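Reading through the structure tokens given below for one structure.
The values are calculated or read from the model by the stated rules, or taken from the named source; none is laboratory data. All values reported here derive from a predicted model rather than from experimental measurement. Neighbour counts are summed over all protein chains in view; Cβ atoms, including those assigned to glycine, are modelled from backbone coordinates with ideal geometry. For accessibility, only protein heavy atoms count, side chains too; no ligands or nucleic acids. Shrake-Rupley method; radii C 1.70, N 1.55, O 1.52, S 1.80 Å.
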Amino acid sequence: MMANITILKGSFKDKLALKLAPAIKAGFPSPAEDYLQDSIDFNRDLIKHPESTFYGRVSGDSLIDAGICDGDIAIIDKAEEAANGDLVVAYINNEFTMKFLNLTHLSEGYIELIPANAQYPPIRVHDMDDFEVWGVVVRTIKTWKK
């Protein structure tokens, strides 16, 4: 299954601050709650352009080798300028998809949307395609437990 994405609009009006531990090690657990020093505010720390930022829920496995799995959430910024190699949400021929942007073939008359799963070929985009880079994926939120 190709990695499709469902676009969701987030609300950035309310502040959401969570306590932030100074460091989290992947070893033996410790009582880190005693050492909480700061907080993280998703609006302040993760969102650069709230008015043009959307969430997207990933569906499919075409980005699995990049660590992006079915059910993960992408934070998509429409104000960011897409560059070669960026992970983008593209609108192509009436469908949204999330792939890596390859601009190295522009002089040959096409660009490519590259999956991160060897089971899927790159998608070639030509002038005749209905195509738009809808936004740049700036972060992903991993789902560990459903």
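Observations
- Residue satisfying all of: in region 100-130; in contact with a Phe, Trp or Tyr (Cβ under 6 Å, 6 or more places away or on another chain) and closer than 16 Å to Ala83 by Cα; most open to solvent (accessible area, probe 1.4 Å) among these: Ile114
- Residue within region 66-76 that is open to solvent by less than 60 Å² (accessible area, probe 1.4 Å) and free of Cβ contacts under 8 Å to residues at least 40 places away in the same chain present: no
- For the condition at pLDDT 90 or above, of a type in the set (A, V, I, L, M, F, W, C), buried (at least 16 other Cβ atoms within 10 Å of the Cβ) and closer than 19 Å to Ala116 by Cα, Ala3 does not qualify.
- Hey, Glu80 closer than 19 Å to Ile141 by Cα and modelled with pLDDT of 95 or more or not: yes
- Residues of region 131-146 satisfying the condition of being among the basic types (Lys, Arg) and open to solvent by less than 40 Å² (accessible area, probe 1.4 Å): none
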